[in-house]
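The values are calculated or read from the model by the stated rules, or taken from the named source; none is laboratory data. Predicted model, so just to flag it, every value in this text is computed and none were measured. So basically every Cβ, Gly included, is an ideal-geometry build from the backbone, and we count neighbours across all protein chains shown. Accessible surface areas use protein heavy atoms only, side chains included; no ligands, DNA or RNA. Shrake-Rupley method; radii C 1.70, N 1.55, O 1.52, S 1.80 Å.
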Amino acid sequence: MTEFKIHNTYGNKKEVFIPNDPENIKVYACGPTVYDYAHIGNARMAVVCDLLIKVLKEIYPRVTYVSNITDIDDKIIEAATENNTPIEELTNKFSKIYNEDMLVLGVQLPDLQPRATQHIDKMINLISNLIENDFAYFTNAHVLFSVKKYSNYGKLSTRTQEEQIAGSRVEILEFKDDPADFVLWKPSEDDQPGWESPWGRGRPGWHIECSAMSEKTLGLPFDIHAGGQDLIFPHHENEIAQTCCAHKFNKPQDYAKYWFHNGFVTVEGEKMSKSTGNIKLVNNLIKSIPGEVVRLALLSSHYRQPLNWSESTIKQSKNTLDRYYRFLYDTKDQETNEKKIETTSNKVLDALCDDLNTSLALAELSNILDNKNNQTKSTTKTQLLCAGKILGILGESPSKWLGYEDQGEKFDVSLIDKLIQDRIKARNNKDFTLADSIRIELNNMGIEIEDTQQGTKWRKK
RNA sequence: GGCCCGGUGGCAGAGUGGUUAUGCAGAGGACUGCAAAUCCUUCCACGGCGGUUCGAUUCCGUCCCGGGCCUCCA
């Protein structure tokens, strides 16, 4: 069996992946808080996790992938108030858009997509358990987790409590026993959403939902817990503390064995932020850029490295895909055997099995094409499609991708045909000035001309 | 202040103790009336300084620079 290696944030090194149960790999990824459109950073997490799942599925018979939707949160409450929209309407709208946008990027839906508001009972149970066992305390209408009660607190993010205090940027609530303690349950005002609980009407803190939903949907322990790099602290650290204490586990691995975190996206070299106004929304990008281009761009650097989003990244990804689609177009009549994984496309899988080395995988993909004269076209095509399938690319119709098909856009096809005929006549008459001016005219219409052995072809640029 | 991660050719971006990453761009050539596409050839590299070594871009130390986290954040 192929060996899969994964960088584990817990321990901070690459490890050979050894599943808890090889018959069913269980993965949980912290999903979006749905109060706005997803940005390219959200998409990176979704695409990278999607790739992780695709690779695991190549190796293991069954993979269960859970990724939640956070649909109760102070930011959501704020956004709902601002837009004068009921919370449920807002979260339904943006979770639907999130899934639609991710689908365009070739991201498959998780097997389960639990919502926080549907697991309040489970959260209340967990919190009660933590209070009963003296890991948490009730004060001033809040339930707080007592960080000092968990000896492994800080192990994931490799920081000690003293270090955090040195930073002195921890929110100080008057009634906290310890500044590092975090909220499990907080009271809701009458105009805020809330649920009845042993501690009065209120709502959960942010971290408890993932502890509740991951346990409920996957059982413990599960194999991989994923999310963005910024979630390492405090979110995942707190999840570990809650779950481990509730179950009297000591080691974080008893909750989840491997901790998988993707790096950030910057935009033209700068961090994405609302203040600089450079947040790239997926919903906008896919209006002008094919989803596959966005996906490939997001996979062009290693998932733990920072990724710079720029015009040239997009352009390169587009060029790369065009090259593959041209080959697929030229070989559109070739039979393929996609069930058969050929040697070279295995190299793509091998690269991905080394902690998702997408850069190397894409280099191997390129090698498949470079090797095309040493083997049958059918073999090359098969290899390309197999590799593309794992990467989640090359799934479109080549003629549509390259613009040879009418894509429902308003082109005057009869005019184009007439101009092409005029140009052919001009060329036959060796009137190249006229021929070139017709080509420029077509170009200005967004049409590119290709003179091939089979005659003149046109495509949408 | 603490913790973590990086610094590779014009750009993007892997990897390795001694041998070509890869893509785009550039140069030359084939093809073409010219283009486009395709193919062939080719230039360009490992932040600074020490150390280990027969040999380091790769290991160690140190310095400089950049990014992230420590508060909500993918």
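Across the range A:27-44, the qualifying residues are those that are open to solvent by 50 Å² or more (accessible area, probe 1.4 Å) and either of a type in the set (Phe, Trp, Tyr) or at pLDDT 95 or above (or both), and the one among them that is nearest to A:Trp309 (Cα to Cα) is A:Tyr37.
Can you spot a residue in the range A:27-37 that is within 17 Å of the chain's Cα centre (by Cα), part of a helix (DSSP H, G or I) and within 9 Å of RNA strand B (Cβ to nearest atom)? The answer is no, given that none of the residues of the range A:27-37 is within 17 Å of the chain's Cα centre (by Cα), part of a helix (DSSP H, G or I) and within 9 Å of RNA strand B (Cβ to nearest atom). Restricting the search to the range A:2-52, which residues are over 30 Å from A:Glu270 (Cα atoms), touching a strand residue (DSSP E or B) at 6+ places or on another chain (Cβ under 6 Å) and of a type in the set (Val, Ile, Thr)? If the condition is that a residue be over 30 Å from A:Glu270 (Cα atoms), touching a strand residue (DSSP E or B) at 6+ places or on another chain (Cβ under 6 Å) and of a type in the set (Val, Ile, Thr), then A:Val16, A:Ile25, A:Val27 are the ones that fit. Got a sec? Which of A:Gly388, A:Gly403 is open to solvent by less than 10 Å² (accessible area, probe 1.4 Å) and more than 13 Å from RNA strand B (Cβ to nearest atom)? Residue meeting the stated conditions: A:Gly388.
Of all residues in the range A:428-454, those satisfying the criterion of being within 11 Å of RNA strand B (Cβ to nearest atom) and in a strand (DSSP E or B) are A:Glu448, A:Ile449, A:Glu450, A:Asp451, A:Thr452. Taking first residues from the range A:148-170 that are open to solvent by less than 60 Å² (accessible area, probe 1.4 Å) and at pLDDT 60 or above and partners that are among the aromatic types (Phe, Trp, Tyr) and more than 10 Å from RNA strand B (Cβ to nearest atom), the Cβ contacts under 8 Å between residues at least 6 apart in sequence or on separate chains come to A:Tyr150/A:Phe135; A:Leu156/A:Tyr10; A:Leu156/A:Trp259; A:Gln161/A:Tyr153. Among the residues in the range A:87-97, are any of a type in the set (Asp, Glu), assigned to a loop (DSSP other than H, G, I, E, B) and not assigned by TED's automatic domain parsing to the domain that holds A:Met272? So far as the range A:87-97 goes, no, none of its residues is of a type in the set (Asp, Glu), assigned to a loop (DSSP other than H, G, I, E, B) and not assigned by TED's automatic domain parsing to the domain that holds A:Met272.
Just name the residue that is farthest from the chain's Cα centre (by Cα) out of those in the range A:352-375 that are outside any helix (DSSP H, G or I) and in contact (Cβ under 8 Å) with a residue 24 or more places away in the chain.
A:Asn371
Note on the range A:242-284: residues that are small (Gly, Ala, Ser) and without any contact (Cβ under 8 Å) to a residue 24 or more places away in the chain amount to 3. Does A:Ile368 meet the test of being within 19 Å of A:Leu299 (Cα to Cα), crowded, with 16+ Cβ neighbours inside 10 Å and modelled with pLDDT of 90 or more? Yes; evaluated as a whole, the condition is true for this residue. For the range A:1-26, a residue qualifies if it is open to solvent by 10 Å² or more (accessible area, probe 1.4 Å) and assigned to a strand (DSSP E or B), and the qualifying residues are A:Lys5, A:His7, A:Lys13, A:Lys14, A:Glu15, A:Val16, A:Lys26.
Before we move on, is A:Gly291 open to solvent by less than 40 Å² (accessible area, probe 1.4 Å), more than 9 Å from RNA strand B (Cβ to nearest atom) and over 30 Å from A:Lys13 (Cα atoms)? Yes, satisfied.
Just give me the residues in the range A:314-324 being of a type in the set (S, T, N, Q) and more than 6 Å from RNA strand B (Cβ to nearest atom), in sequence order. Before the answer, list the steps.
Narrowing the range A:314-324 to residues of a type in the set (S, T, N, Q): A:316-317, A:319-320.
Correct list: A:Ser317 only.
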